[in-house]
Amino acid sequence: MFDLSVGTVGSVNIMTSENGGLSNDQIADMLANKLIFISDDAPEPIRLQAEAFRDRVRNLAQYYIELARKEERASICSKVREAGQMELANAIGRL
């Protein structure tokens, strides 16, 4: 009647946080690990080169994530100021 088959799922990574969203570091790590997979069977010189490249990608991602969050806060502050809420805008700007 029913045909149930079992499949396989590749590697699954889970990241959690406490008291808020994911940090810039966590998001950068997720991005770098998703973009650059390094096989356990890779020869040592290739593995080392790939790890160094992944670290550079991670650092670049972290920089732009931080910049995007800063710019988003600036945009929110601007909109809040336009609404006449100067004290709230200043509080948001200090986050």
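Rule-based calculations on the coordinates, nothing more; no lab input. In this text the structure is predicted, and so the values were computed from the model without any measurement. So basically every Cβ, Gly included, is an ideal-geometry build from the backbone, and we count neighbours across all protein chains shown.
Springs between Cα atoms under 10 Å define the GNM used for the chain, and in it the highest mean-square fluctuation of N19, N33, N59 occurs at N19. Using the Cβ of R58 as centre and a radius below 12 Å, the other residues enclosed give a net charge of -1, where K and R count +1 and D and E count -1.
Here Rg/Rh (Cα atoms, Kirkwood Rh) was calculated from the structure, and among (1) 1.12; (2) 0.93; (3) 1.22 it sits at label (3). Between S78, S39, S11, find the one with the highest GNM mean-square fluctuation for the chain; connect C-alpha pairs within less than 10 Å. The residue that fluctuates most here is S11.
Inter-label distance, Q26 to R47: 2.9 nm, where each label sits 7 Å from its Cα along the C-beta direction.
Starting from the eigenvalues of the Cα gyration tensor, five times each then square-rooted, give me the equivalent ellipsoid semi-axes of the range 29-80, largest first, whole Å. It would help to have the intermediate numbers written out before the result.
Numbers: eigenvalues 245, 16, 3 Å².
In descending order the semi-axes read 35, 9, 4 Å.
Applying 1/(1 + (r/R0)^6) with R0 = 30 Å to the Cβ-Cβ distance of S78 and N19, what FRET efficiency is obtained, to the nearest 0.05?
That gives a FRET efficiency of 0.65.
With +1 on the Cβ of every Lys and Arg and -1 on the Cβ of every Asp and Glu, and nothing else charged, how large is the dipole of the range 46-95 about its Cα centre, in debye rounded to the nearest 20?
Around 160 debye, computed over the range 46-95.
When you filter the chymotrypsin sites (Phe, Trp or Tyr not before Pro) in the chain for DSSP loop state and at most 14 other Cβ atoms inside 10 Å of their Cβ, you are left with F2, F37.
Sparsely packed loop sites in the chain (the GluC sites (Glu not before Pro) outside DSSP H, G, I, E and B with at most 13 other Cβ atoms within 10 Å) comprise E18.
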